[in-house]
Each structure stands twice: as structure tokens, then as C-alpha cells.
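Participant: Sending over a structure as C-alpha cells; questions will come in a sec.
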Amino acid sequence: MRIIDAGESKVFMSTRDTLIRSYMAGAVLALAAAFAVTITVKTGEPLLGAVLFPVGFCMLHLLGFDLLTGVFTLVPLAWLDKRPGVTIGSMLRNWGLVFLGNFAGALTVAVFMAIYFTYGFDIPPDAVGQAIGKIGEGRTVGYSDHGAAGMLTLFIRGVMCNWMVSTGVVGAMMSDSLPGKVIAMWMPIMVFFYLGFEHSIVNMFLFPSGLLLGGNFTIGDYLLWNEIPTVIGNLVGGLMFVGLVIYATHGKTAPFRPRPKGLVSVDERLPVQSNA
């Protein structure tokens, strides 16, 4: 099964390749987020930003780069399938390396875009930069204002995000054509972005850049009231609602075979002569 093979291959990828691919994935997705926010601010139409945001996801996936949200879904399936050499330790190693690479790539773009929006911090941020700062406030302090209810909402948004994102990852594997892969990825990614679900790697760009652009929140706010709960929610959403579901109904479900005529024994491999 393709998704199990993909998960296995990621476990055995070298440290160098894992970090390079995850770094580029974080950077490309961050650029797509900046692109979508820019479109939304300049046109006043959030739907248009959501419609065009998936271009980044499609690019990174087609280039073979890795997002944490994707490996959360794929790698555990190789472990469940008992692939040789796939252990809990190797799975955690992969997740840790991809997290570091994604964060480094997203942070690089956050710094670059902060410089871009402010002419090297020589002037106040423009309208797009101010909007990014407000996003950071709303999705940290905005949650904390509601206490436990805010934390629950944040977690559920993380779950639903990777439900959609991982659907796009698996959907792309269903097609061998480039248009088919793009269409399969585009639809669920557009849904997640427009509905404002929480994606841990997108947030690795939005919140550091928000801090650089004057957002009224702290690094502690970002970690406690966004990144950490979002990562956990992304893990639960991708694994439970996509990976395990697909594995249970496709990876481990044998095709139905009608009982051959004349077989009356419990062991259907041994035909028994009828006495009739």
C-alpha cells in the first residue's frame, strides 16, 4: 500500500536529507502563507486567499519535501504494519528532525518577510505586516482570554486542520497524473485555510513574523497558546481521522471471496466431499 511504503521510506531517510527536505517544506509553506495573507489584505476577500494558498502545498509535495503534518500520518502506519526496522524510536527521530527542519525553514522566511515588509526594519510594517501581527495576537491571546474553552477550541482546530491536510497527502497518492495529484491536494487544503484551522508549520511562520512585526504577544504565549496544542491536535487529527481509517479499511481488509460450492468444513482450504 502506497501510504505505508511512504511512511517506511521516511523512517530510513538520512538525517541530512530529512533536514533538507523538511527545511524546504517549511520555507515553501511559509511563502504560501505570506502570499495568501497578502492577497486577503489587498483584495479584502479571504476566500481568494484560501483558493490560492494550496499552491505552496502542491509545490512542496510534488518536490518530495516533508511536513510534520504528513509524517504524523504516514510514519506510524509503517510501525503498525510491522515493517522491519521501524520502531517507536525511529519514528520519534523522524518527527523530531522534520519538526526542526520545518521550523528552521519557516523562521527563515519569517525573518525575510519581516525585512521585506519594513524595508529592513527602517519603517513601520505595511498593511500586510500589520495583519500578520494581528493574526498572532488573535490566535494566542485570543484563545487565552477564554481559558480552558479557548484551549479546547485551539486543539480541535488543530485536529480538523490535519484531518484536511492529511486527506490531501493521501489523495495525492491515489493519482499517478500531475493534474490528479494537484486537484486531490487543492480541495482539502483550501477548506482548512479558509475555515481558519490551526496548522503547526504555517504557525511557525505567522507567529515569529508577527512578533518581529510588532504583534502584542510573547514567545511564551505562542508556545503555550498555539504551537504546542496545535502540534498535538495535528498529530491526533492526521493519525486518527486519516491514517488509521485508511489503514483499517484498506490496508488490513481482505477482499470478500464467496464460499466455494461444496466446502462445508471449518477450514475452507480443505474441500470436503458431500454425502448427498
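Participant: Mind listing whichever residues of segment 212-240 are more than 13 Å from the chain's Cα centre (by Cα) and over 20 Å from GLY150 (Cβ atoms)?
Facilitator: LEU212, LEU213, GLY214, MET240
Participant: Scan segment 3-17 and report the pairs whose first residue is more than 15 Å from GLY96 (Cβ to Cβ) and open to solvent by 40 Å² or more (accessible area, probe 1.4 Å) and whose second residue is outside any loop (DSSP other than H, G, I, E, B) and not charged (D, E, K, R), with Cβ atoms within less than 6 Å and a gap of 6+ or a chain change.
Facilitator: Between residues of segment 3-17 that are more than 15 Å from GLY96 (Cβ to Cβ) and open to solvent by 40 Å² or more (accessible area, probe 1.4 Å) and residues that are outside any loop (DSSP other than H, G, I, E, B) and not charged (D, E, K, R), the close pairs are GLU8/ALA78.
Participant: Cβ-Cβ under 7 Å, sequence separation 6+ or interchain: first residue in segment 184-197 and within 12 Å of THR167 (Cβ to Cβ), partner at pLDDT below 95 and among the polar types (S, T, N, Q). Which pairs?
Facilitator: The qualifying pairs are ALA184/SER175.
Participant: Of the conditions (1) assigned to a helix (DSSP H, G or I); (2) open to solvent by less than 60 Å² (accessible area, probe 1.4 Å); (3) without any contact (Cβ under 8 Å) to a residue 24 or more places away in the chain, ALA148 satisfies every one except a single condition; which number is it?
Facilitator: Exception for ALA148: condition (2).
Participant: Quick one: is ILE115 in a loop (DSSP other than H, G, I, E, B), within 25 Å of THR43 (Cα to Cα) and over 18 Å from the mean Cα position of the chain (by Cα)?
Facilitator: no
Participant: May I pose another question? Among the listed residues VAL111, VAL128, VAL159, VAL141, which satisfies the condition of being under 23 Å from GLY7 (Cα atoms) and of a type outside the set (Gly, Ala, Ser)?
Facilitator: VAL159
Participant: Tally the residues that are open to solvent by 50 Å² or more (accessible area, probe 1.4 Å) and within 19 Å of the chain's Cα centre (by Cα), restricting the search to segment 74-100.
Facilitator: 4
Participant: Would you list the helices (runs of 4 or more DSSP H) that sit entirely within segment 181-271 and hold 2 or more residues that are at pLDDT 95 or above and small (Gly, Ala, Ser)?
Facilitator: Because the criterion is at least 2 residues that are at pLDDT 95 or above and small (Gly, Ala, Ser), the helices (runs of 4 or more DSSP H) in segment 181-271 that meet it are 200-212, 228-238.
Participant: Looking at segment 122-139 only, could you name the residues that are of a type in the set (A, V, I, L, M, F, W, C) and open to solvent by less than 30 Å² (accessible area, probe 1.4 Å)?
Facilitator: VAL128, ALA131, ILE132
Participant: Could you give me the residue pairs with C-beta distances under 8 Å whose first residue belongs to segment 162-180 and is touching a residue at least 60 places away in the same chain (Cβ under 8 Å) and under 14 Å from ALA6 (Cβ atoms), whose second residue is among the polar types (S, T, N, Q) and assigned to a helix (DSSP H, G or I) wherever it lies, and which are 6+ apart or on separate chains?
Facilitator: SER166/THR69; SER166/THR73; VAL169/THR69; VAL169/THR73; VAL170/THR73
Participant: Then there is this: Quick one: would you say THR108 is surrounded by fewer than 23 Cβ atoms within 10 Å (Cβ to Cβ), closer than 24 Å to PHE35 by Cβ and touching an Asp or Glu at 6+ places or on another chain (Cβ under 9 Å)?
Facilitator: no
Participant: Residues of segment 154-180 being within 10 Å of GLY233 (Cα to Cα) and open to solvent by 40 Å² or more (accessible area, probe 1.4 Å), which ones?
Facilitator: PHE155, ILE156, ARG157, MET160, TRP163, listed by residue number.
Participant: Please verify whether segment 50-69 includes one or more residues that are of a type in the set (Ser, Thr, Tyr) and closer than 25 Å to ILE115 by Cβ.
Facilitator: No: zero hits.
The values are calculated or read from the model by the stated rules, or taken from the named source; none is laboratory data. Computed from a predicted model, the values in this text were never measured in an experiment. Because the Cβ atoms are built from the backbone with ideal geometry, glycine has one as well, and the counts that use them run over all protein chains shown. In case anyone asks, the SASA skips ligands and DNA or RNA and just uses the protein heavy atoms, side chains included. Shrake-Rupley method; radii C 1.70, N 1.55, O 1.52, S 1.80 Å.
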